[in-house]
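S.K.: So that we are looking at the same thing, I have put the structure below in structure tokens.
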Amino acid sequence: MYKYLKDNCKEYIFIILTATTFYGIMFSDSLGDDVFVVDNVKVEGKMDVNFSRKKYIDKAFKESFNILKSKILLNKDSSKINNVNLNTIKKLISKFKITEESYKKNRYEAIFKIFYNSSEVKKLLKKKNISFSQPENIDVVFFPILFINNEVQSLNENYFYKKWSDVIVYNESINFILPIDDIEDFRKIKKMENNLDELNVNDFVDNYNISNYAFVIMNYKKKDLAIHIKTNFNNNKTAKNIFYKNININDEDSLEPILKNIKKIIIDIWKEDNVINLLMPLSIKLKFLHNDLSDFEDLKNTFFKIKIIDSFILKEFNINYSFFKLYYYGNPKKLKNEIKKFGYNLINEKGYWELYLSE
């Protein structure tokens, strides 16, 4: 009898504590705070009678905002906030650090780390009807194939290979792995030059033990450059075509903006997979099976760590399970992947969502 009462008391204590602490409360997380930090912002210039440290701080703010745009926005959206003035930028910044600073030989140099207020940035983006992207950093094999008048160029002759790492795009979320110049690879390409659509990309990238790739086929004829981009990012495959007319293939100055655009397009493809639409948060109701209060606490803390979760509400609970309503940005696949990183499996059975601890 004593054991029965003791066990039942434990259940009631668990329920009462849980209800007192959690029930009916909406928990809100600060979405993607780390996304809105811009590090390694460099400014420099001459020191003269008109030198002003404030001038360089303002310069760092402007530069950091350009970097932030490149980091979180798609190219098509970046121009929508090109006219944001310095005063508005300052209102978006919560704090900054000067990590390095020097005054040498009449020259000022400094490196800044600037923290943006995520709520204020999101307000600005909502006002402009702009979504932002929260991509992870990934490794990608970049494999460029260049034909000039039907002759395939070796990598050492290929401008887009040789200069790829020299052309910088702010805050690249992709670490591009360049291939080695393999004679066997180019024999395969030569054999398939009339049927490049049937080229098996895996034959070229498998040796690098990286599943993500950006395979770019460029065909230059009669001053026209046709480019076909094939990507595979986390098993999501896409293809895009771009075309340039009246191009001098021997003029590196005219090829540089093309290379930069190819790089931006590839990075945009990855960003598009990670777009967060601030105007359209989604919601799901899920059931979580737990053994004790510590499981419950762990899950709540996990929700706070998942940046695409905006808020959550405890809707129902008992000693065996609890029901949560989650409000999140992105898509269900993204939510499942993010939750899985913390040791949970989110499963949808005929529209009914359940959450389990991974075994």
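The values are calculated or read from the model by the stated rules, or taken from the named source; none is laboratory data. Remember, it's a predicted structure, so these values are computed and weren't measured experimentally. Counting neighbours? That spans all protein chains shown, and the Cβs are built from the backbone with ideal geometry, glycine included.
S.K.: Which count do you get for residues in region 275-311 that are outside any helix (DSSP H, G or I) and either farther than 20 Å from Ser118 by Cα or not acidic (Asp, Glu) (or both)?
M.R.: Looking only at that region, the number is 23.
S.K.: So, one more: Among the residues in region 251-274, are any over 30 Å from Ile138 (Cβ atoms), in a loop (DSSP other than H, G, I, E, B), in the same structural domain as Val169 (by TED's automatic domain parsing) and out of contact with any Cys (no Cβ under 9 Å at 6 or more places or on another chain)?
M.R.: Among the residues of region 251-274, at least one is over 30 Å from Ile138 (Cβ atoms), in a loop (DSSP other than H, G, I, E, B), in the same structural domain as Val169 (by TED's automatic domain parsing) and out of contact with any Cys (no Cβ under 9 Å at 6 or more places or on another chain), which makes the answer yes.
S.K.: Taking only region 232-270 into account, find how many residues are at pLDDT below 90 and either farther than 30 Å from Gly330 by Cα or within 15 Å of the chain's Cα centre (by Cα) (or both).
M.R.: 2
S.K.: Restricting attention to region 161-180, which residues are in a helix (DSSP H, G or I) and among the hydroxyl-bearing types (Ser, Thr, Tyr)?
M.R.: Within region 161-180, Tyr161 is the sole residue that qualifies.
S.K.: Filter region 46-77 down to the residues that are of a type in the set (Gly, Ala, Ser) and at pLDDT below 90 and list them by number.
M.R.: Ser52, Ser70, listed by residue number.
S.K.: Are there any pairs with C-beta distances below 7 angstrom linking a residue in region 85-104 that is over 15 Å from Asp39 (Cβ atoms) to a residue that is of a type in the set (D, E, K, R) and part of a strand (DSSP E or B), with the two at least 6 apart or on different chains, and if so which?
M.R.: Ser102/Glu109
Okay, residues lined up against (1) in contact (Cβ under 8 Å) with a residue 12 or more places away in the chain; (2) of a type in the set (Gly, Ala, Ser); (3) surrounded by 19 or more Cβ atoms within 10 Å (Cβ to Cβ); (4) outside any helix (DSSP H, G or I):
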| residue | (1), (2), (3), (4) |
| --- | --- |
| Ile313 | yes, no, no, yes |
| Phe323 | yes, no, no, yes |
| Lys333 | no, no, no, no |
| Glu338 | yes, no, yes, no |
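S.K.: Please verify whether region 236-248 includes one or more residues that are in a strand (DSSP E or B), among the aromatic types (Phe, Trp, Tyr) and in contact with a strand residue (DSSP E or B) (Cβ under 9 Å, 6 or more places away or on another chain).
M.R.: Yes, there is a match, as at least one residue in region 236-248 is in a strand (DSSP E or B), among the aromatic types (Phe, Trp, Tyr) and in contact with a strand residue (DSSP E or B) (Cβ under 9 Å, 6 or more places away or on another chain).
S.K.: Same structure, new question: Report, by residue number, each residue of region 38-79 that is surrounded by 19 or more Cβ atoms within 10 Å (Cβ to Cβ) and of a type in the set (S, T, N, Q).
M.R.: Once the filter is applied, which keeps residues that are surrounded by 19 or more Cβ atoms within 10 Å (Cβ to Cβ) and of a type in the set (S, T, N, Q), region 38-79 yields only Ser64.
S.K.: Give me a count of the residues in region 287-311 that are within 19 Å of Trp353 (Cα to Cα) and within 20 Å of the chain's Cα centre (by Cα).
M.R.: Total meeting the criteria: 5.
S.K.: Of all residues in region 148-175, which are crowded, with 16+ Cβ neighbours inside 10 Å and at pLDDT 90 or above?
M.R.: If the condition is that a residue be crowded, with 16+ Cβ neighbours inside 10 Å and at pLDDT 90 or above, then Ile148, Asn158, Tyr159, Phe160, Tyr161, Trp164, Ile174 are the ones that fit.
S.K.: Also, I was wondering about something else. When you go through Ile265, Ile276, Ile242 one by one, which is the residue that is closer than 23 Å to Ile174 by Cβ, touching a residue at least 12 places away in the same chain (Cβ under 8 Å) and surrounded by 19 or more Cβ atoms within 10 Å (Cβ to Cβ)?
M.R.: Result: Ile276 is the single residue among Ile265, Ile276, Ile242 that is closer than 23 Å to Ile174 by Cβ, touching a residue at least 12 places away in the same chain (Cβ under 8 Å) and surrounded by 19 or more Cβ atoms within 10 Å (Cβ to Cβ).
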